[in-house]
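Colleague: Have a look at this one before I ask anything.
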Amino acid sequence: MWRNVINDISQSFDMMKENIVYPEKYLPYVKSFLDEINNLHKKAVTARLLGYDPTLDVETGLAFDLADRVEGLLGLPIAERLRELLKDNRTEFAALEIAKEVALGRFSFQDKETLLNLGIRAGLAVITDGVTVAPLQGISSVSIKNNDDGTKYASISFAGPIRSAGGTEAAFTLVIADRLRIILGLDKYQPTNDEIGRYIEELRLYEREVSNFQYRISDEDIKLVINNLAVEINGVDTDPVEVVS
């Protein structure tokens with residue numbers, strides 16, 4: 001559920017004055033549009049309660065800042081802590097730190113796999129400003145699997161909406177996951193030769209049957225990358241083309 005901070009206009013107006021420097025003459029104008037936003041949202045809520053729409057809730061939640069947007073996306077009470085982190089730190093540091101605290105169970109009591117999942121999504125939500133679907137739909141799943149030697153490792157399955165995050169942010173997701181797997185005591189991903197061969201075959205099959213990539217990576221470079229991944233990159237199927245077994 002979204003924490004609707006604008007439901008209490010006096011509270012949101014006070015937060016605005018504390019966090020944003022405005023000339024005094026602009027404050028009545030800012031107060032007026034906050035009042036109007038609140039009135040429109042209340043009308044939308046009243047209209048939905050009539051039952052003419054598929055759901056009774058207004059999907060668009062009201063949020064004061066990035067911290068509220070991230071809290072609303074994930075449903076975790078992390079807004080106040082995130083504001084503290086963002087006040088004196090870069091966004092990337094805040095993302096890593098809030099991801100760590102979520103994964104360590106500061107905001108909810110869950111099993112290790114669930115906390116790893118929530119931590120990665122929290123970090124991604126921060127670096128994407130809480131405005132894309134990437135943290136919710138771009139990560140299909142996060143799981144903890146076993147290497148052949150019995151050690152456990154982290155695996156992320158991406159889906160198409162991860163594109164909305166952007167290339168740098170999507171890659172940074174693996175940095176977050178790598179840091180969290182160390183904190184949670186997980187080993188590195190140890191790919192087998194068969195798994196590496198599967199990566200290569202799937203990429204080549206995609207190039208032949210679906211579409212070319214912007215840049216063709218050699219088999220040797222693919223092997224180098226996969227062998228040095230600390231976190232497994234996985235994903236959902238995208239095209240009805242079978243891989244040769």
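The values are calculated or read from the model by the stated rules, or taken from the named source; none is laboratory data. Keep in mind it's a predicted model, so treat the numbers as computed, not measured. As a convention, Cβ positions derive from the backbone with ideal geometry for all residues, glycine included, and neighbour counts pool all protein chains shown. We work out accessible area using only protein heavy atoms, side chains counted, and drop any ligands, DNA or RNA first. Shrake-Rupley method; radii C 1.70, N 1.55, O 1.52, S 1.80 Å.
Colleague: If one takes the longest principal axis of the Cα atoms in the chain, at what angle in degrees, from 0 to 90 and to the nearest 10, does the Cα axis of helix 9-19 lie?
Modeller: Computed tilt is about 60 degrees.
Colleague: Let me ask another. Binning at 10 Å from 0, report for the chain what percent of all alpha-carbon pair distances ends up in each bin.
Modeller: Bin by bin from 0 Å, the calculated values are 7, 25, 28, 21, 12, 7, 1, 0.
Colleague: Continuing with this model, one more query. Taking H as built 1.01 Å from N, whose amide H comes closer than 5 Å to the amide H of Val231, not counting residues under 5 places away?
Modeller: Tyr189
Colleague: Can I ask one more? Enter the per residue convex hull volume of the range 65-194, computed from alpha-carbon coordinates, in Å³ rounded to the nearest integer.
Modeller: Normalising the Cα hull of the range 65-194 by residue number yields 100 Å³.
Colleague: Continuing with this model, one more query. Just check the range 192-245 against the gyration tensor rule for me: Cα atoms, a ≥ b ≥ c as the square roots of the eigenvalues, rounded for a/c under 1.5, and otherwise prolate or oblate depending on whether a/b exceeds b/c.
Modeller: Judged from the Cα gyration tensor, the range 192-245 comes out prolate (a/c at least 1.5, a/b above b/c).
Colleague: Would you mind listing how long the range 8-148 runs along its three principal axes, going by Cα atoms, in whole Å with the largest first?
Modeller: The Cα atoms of the range 8-148 stretch 65, 45, 24 Å along their principal axes.
Colleague: Counting only heavy atoms of protein chains, what accessible area per residue, in Å², does the chain have with a probe of 1.4 Å?
Modeller: Heavy-atom SASA per residue in the chain reads 59 Å².
Colleague: Assigning unit charges at the beta carbon (Lys, Arg +1; Asp, Glu -1) and nothing else, what dipole magnitude in debye, to the nearest 20, does the range 93-245 show about its Cα centre?
Modeller: So the dipole magnitude of the range 93-245 works out to roughly 540 debye.
Colleague: Against the longest alpha carbon principal axis of the chain, how many degrees, from 0 to 90 and to the nearest 10, is the axis of helix 112-127 turned?
Modeller: Long axis of 112-127 versus the principal axis of the chain: about 60 degrees.
Colleague: Let me ask you something else. What spacing in nm lies between the two simple spin-label points modelled at Thr192 and Thr55, each 7 Å away from Cα in the Cβ direction?
Modeller: Modelled inter-label distance: 4.2 nm.
Colleague: So for the range 144-245, considering every pair of alpha-carbon atoms, how many percent are separated by more than 25 Å?
Modeller: The proportion of pairs with Cα distances above 25 Å equals 23 percent.
Colleague: Let me ask something additional. If I fit a long axis through the Cα atoms of helix 91-103 and take the longest principal axis of the Cα atoms of the chain, what angle between them do I get, 0 to 90°, rounded to 10?
Modeller: Long axis of 91-103 versus the principal axis of the chain: about 80 degrees.
Colleague: Determine, for each peptide in 144-150, 177-183, the mean count of other beta carbons within 10 angstrom over its residues, then list the peptides with the highest first.
Modeller: Descending packing order for the listed peptides: 177-183, 144-150.
Colleague: Based solely on its DSSP helices, what 222 nm [θ] is calculated for the chain when runs of n ≥ 4 H residues each add -39,500 (n - 2.57) and the sum is averaged over all residues, nearest 500 deg cm²/dmol?
Modeller: Value at 222 nm, helices only: -16500 deg cm²/dmol.
Colleague: Follow-up. How much net charge surrounds Val231 when only the other residues with a Cβ under 9 Å from the Cβ of Val231 are counted, with Lys and Arg +1 and Asp and Glu -1?
Modeller: Around Val231, the charge tally is 0.
Colleague: When the accessible area of the chain is split by element with a 1.4 Å probe, what percent falls to carbon and sulfur?
Modeller: Carbon and sulfur atoms account for 52 percent of the accessible area of the chain.
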